[in-house]
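A.B. asks: Handing you this structure, nothing more for now.
Here, each number is a calculation from the coordinates, and none is a lab measurement. A quick note: this is a predicted structure, and the numbers were derived from the prediction, not measured. Note that each Cβ is placed from the backbone with ideal geometry, even for glycine, and that neighbours are counted across all protein chains shown.
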Amino acid sequence: MGERPEPRAGWQRPALIVLALALAALALALRDLALRLPPGQWGAALLAPDATDTRQMLVHLTVMPRIAVALLCGAGLGLAGAVCQQVLRNPLAEPTTLGISAGASLALSAATLWAPGLLAYGREGVALAGSFAALLFVFGLAWRRALSPVSLVLAGLIVTLYCGALASALSLFHRDYLIGIYLWGAGFLSQQGWGVAAFLLPRLGVAAFLIALMVRPLTLLGLDDEAARNLGLGLTGARLAALVVAVSLSAAVTSAVGVIGFVGLAAPAIVAIAGARRLRDRLVWAPLCGAALLWLTDGLVLLIPTGYREVPTGAATALLGAPVMLALLPRLRKGVLWRAEPAAAVPRAARPGLVLAAGAGLLALALWGALAFAYGPRGWSWAGLTGIAEMLPWRGPRVAAALAAGAMLAMAGMLLQRMMNNPMASPEVLGVSSGAALGVIVALFLTEAPSRVVQLAAGTAGAFAVLLGILVLGRRDAFSPERLLLAGVATSAAFGAIVAVAMATGDPRVGTLLTWLAGSTYGVDPGEAAGFLAAAAILAGLAPMLARWLDILPLGAATAQAVGLHVPRVRLVVMLAAAVMTAVPTLVVGPLSFVGLMAPHIARLIGLQRALHHLVGAAILGALLLTLADWAGRTIIFPYQMPAGLLATVIGGPYLMWLLRRR
């Protein structure tokens, strides 16, 4: 008797959520139609419009196709997201995790600048080519490990960050030429006919049919690798087939309408939290939830008065989906979305102290070179001690800021990856960076020429408002990794949507915002640099006190409790430490995605396995990467400059790819 409600809950709650979203979207659609045409003409406008009636033609060629495209895109992304989360065994996975959106964006940017003839017949072909090139690169990096979930996730993150960094670098220097890529990337659903719907419908049908044939292999992929092999599943072939279908469907959507954010991640998570715990249920309800969610979002977007440019639906989706996910989080049960897996075994360094000493030596050389070696009006020059002293007021603050920011973000990433036992965990997952970004955006758009102090104050308020919200959400479940991950991702997605909307407006202040978002040390003065270094030194001195906890937490909550840890309290302390280590550098130099995510992985791949060695190694590597990136940013294209955040990805990305491929 006590177990009977569970099967019904597997479809009742998801059905209620989908129905509620669909009814709200239908009401908005009917309202929009009523403003355009009398109800008696709706059928004629859809099936046989009067060519002499402008209103009927507009409804037939713009309104109805837009609804159809919203439904098809939402369903396709929801289905693709459910498959990716199952194959990769990770609640943060979606098709964009594997680099397809970043690859499409980079391909379109490059074609716009250097091969515009390729766009003569539309951008769909170029975007698809970029998506599949990125996917092939991801598969190539992860192939030696039989496309294991952790390897695929890491490879996808590297390719996504690298393609994104290259595209951002192009946009900094060619922003006026690439404004169309901004608009495409924001995800607009405006239509001028039924061509996009006709393009998507057969692809969605074929993908749904193929995925239906793969239900059993997909179910087995949710088990650990050994169990799946014992049941006769070929892991590499099953993963490859499932991901190719899911990514092909998502790439078709992306090429047709641009980047529609958050649907592929949120729809499967929402229905799973609501009760669709079996894969078969999620494969049914995730597409329906995605379709209803995107349709409703588009209806709400159409209510917003059109100003300089329409609000992009793709970006706004997160503004609706994030609150829905946050509201459902209290229903999340442990293990519903994600089972933590150990990272692939890496040989431990025989002499970790020697490795750390070598890293510290390289960092010292990098600091010396950043202060002494530079390119100027007379070419390259090497300054002696006197020259360093003369240039220290100009170069010193930037070098200090890069050193401190790299170390703090790398330590924050290491803390989160060990606490959550998830390779996709990074400082951005907490949402603190997004909160700081939102604060800076508010300051830029509500005040005239906000001072540095105003920007720092606004960023601080935004960062800690987000942190407070996540603490409130996580407290009810002992700060479990599942809940913290999803709460942070939902919050980051919502604030990221606001950033995307701001970017798509074309406002001149967006240039300042873009530079800050790329991670820049341009505006750091000596006072800020001194305070920044002091904060980094204090946090670096306190962080080793967490080393014992960080050795135990990856073993699981049960083991941690068995050895005497109060797991909720330990998680709270670790998360607060990571949040402070994220907030301080974000406020000074802006968000730096690469360092906090990848420096801990590089440290682990070179053999630093114990928590203390891992922590110190990540801090050294983060500081080294960002110091080199800041030096390169101000010298390689002198007198122009590039943000350190972008160049850190460009410098560190290839080395991390080589390490991942080699291991």
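A.B. asks: Order of V311, V466 from fewest to most other C-beta atoms within 10 Å?
C.D. replies: Taking fewest neighbouring Cβ atoms as first place, the list is V311, V466.
A.B. asks: With each label point set 7 Å from Cα along the Cα-Cβ vector, what nm distance links R348 and R144?
C.D. replies: Result for the modelled spin labels: 2.2 nm.
A.B. asks: Additional query: How would W184, W382 line up from fewest to most surrounding beta-carbon atoms within 10 angstrom?
C.D. replies: W382, W184
A.B. asks: Please compute the net charge surrounding M214, taking Lys and Arg as +1 and Asp and Glu as -1 over other residues with Cβ under 14 Å from its Cβ.
C.D. replies: After counting each charged neighbour, the total is +4.
A.B. asks: Next question, about the same structure. Can you grab the distance from the C-alpha centre of segment 137-167 to the C-alpha centre of segment 519-541, Å, no decimals?
C.D. replies: Cα centres, segment 137-167 to segment 519-541: 32 Å.
A.B. asks: Oh, and also: With Rg/Rh (Cα atoms, Kirkwood Rh) as the read-out, I listed (i) 0.97; (ii) 1.03; (iii) 1.19; which label goes with the value calculated from this structure?
C.D. replies: Label (i) holds the value from this structure.
A.B. asks: Related question: Multiplying the sequence separation of A558 and A530 by 0.36 nm and subtracting their Cα-Cα distance, what value in nm do you get?
C.D. replies: 5.8 nm
A.B. asks: Could you tell me which residue out of L106, L233, G290 lies farthest along the dipole of segment 65-331 toward its positive end? Charges go on the beta carbon: Lys and Arg +1, Asp and Glu -1, centred on the Cα centre.
C.D. replies: Projecting each Cα onto the dipole axis, the largest value belongs to L233.
A.B. asks: When only Cα pairs under 8 Å and 6 or more residues apart are kept, what is the percent relative contact order across segment 65-331?
C.D. replies: After rounding, I find 34 percent.
A.B. asks: What's the exposure ranking of W394, W631, going from fewest to most Cβ atoms within 10 Å?
C.D. replies: W394, W631
A.B. asks: Kindly rank 234-247, 405-418 from highest to lowest mean number of other beta carbons found within 10 Å of each residue.
C.D. replies: 405-418, 234-247
A.B. asks: Please sort 443-456, 356-369 by packing, taking for each peptide the average over its residues of neighbouring beta carbons within 10 angstrom, highest first.
C.D. replies: Highest to lowest by the protection proxy: 356-369, 443-456.
A.B. asks: Relative contact order of the chain, please, whole-number percent, based on alpha carbon pairs below 8 angstrom and at least 6 residues apart.
C.D. replies: 19 percent
A.B. asks: Using only DSSP helix segments of four residues or longer, with each worth -39500 (n - 2.57), what per-residue ellipticity at 222 nm results for the chain after dividing by its residue count and rounding to 500?
C.D. replies: Rounded to the nearest 500, it is -24500 deg cm²/dmol.
A.B. asks: Here's a follow-up. Sticking with the crude label model, points 7 Å out along Cα→Cβ, report the distance from L47 to A227 in nm, one decimal please.
C.D. replies: Reported label-point gap for L47 and A227 is 5.2 nm.
A.B. asks: A follow-up question, please. Would you grab the residues whose amide H sits under 5 Å from the one on F373? Only those 5+ places off in sequence or on another chain, please, with H modelled 1.01 Å from N.
C.D. replies: A383
A.B. asks: Okay, next question. Could you tell me which of rounded, prolate or oblate describes segment 188-241, using a ≥ b ≥ c as the square roots of the eigenvalues of the alpha-carbon gyration tensor, with rounded for a/c under 1.5 and, failing that, prolate when a/b is larger than b/c and oblate otherwise?
C.D. replies: Prolate is the answer for segment 188-241, as a/c is 1.5 or above and a/b outweighs b/c.
A.B. asks: Along segment 145-150, what does the Karplus equation 6.51 cos²θ - 1.76 cosθ + 1.60 (θ = phi - 60°) give for ³J(HN,Hα), rounded to whole Hz, x for Gly and Pro?
C.D. replies: Per residue, the Karplus-derived 3J(HN,Hα) values read 9, 6, 6, 5, x, 5 Hz.
A.B. asks: Shape call for segment 65-331 from the C-alpha gyration tensor, a ≥ b ≥ c root eigenvalues: rounded (a/c under 1.5), prolate (a/b greater than b/c) or oblate?
C.D. replies: Taking the square roots of the gyration eigenvalues as a ≥ b ≥ c, segment 65-331 is oblate.
A.B. asks: With r as the distance between the Cβ atoms of V215 and R610 and R0 = 35 Å, compute the FRET efficiency 1/(1 + (r/R0)^6) and round to 0.05.
C.D. replies: The value I calculate is 0.25.
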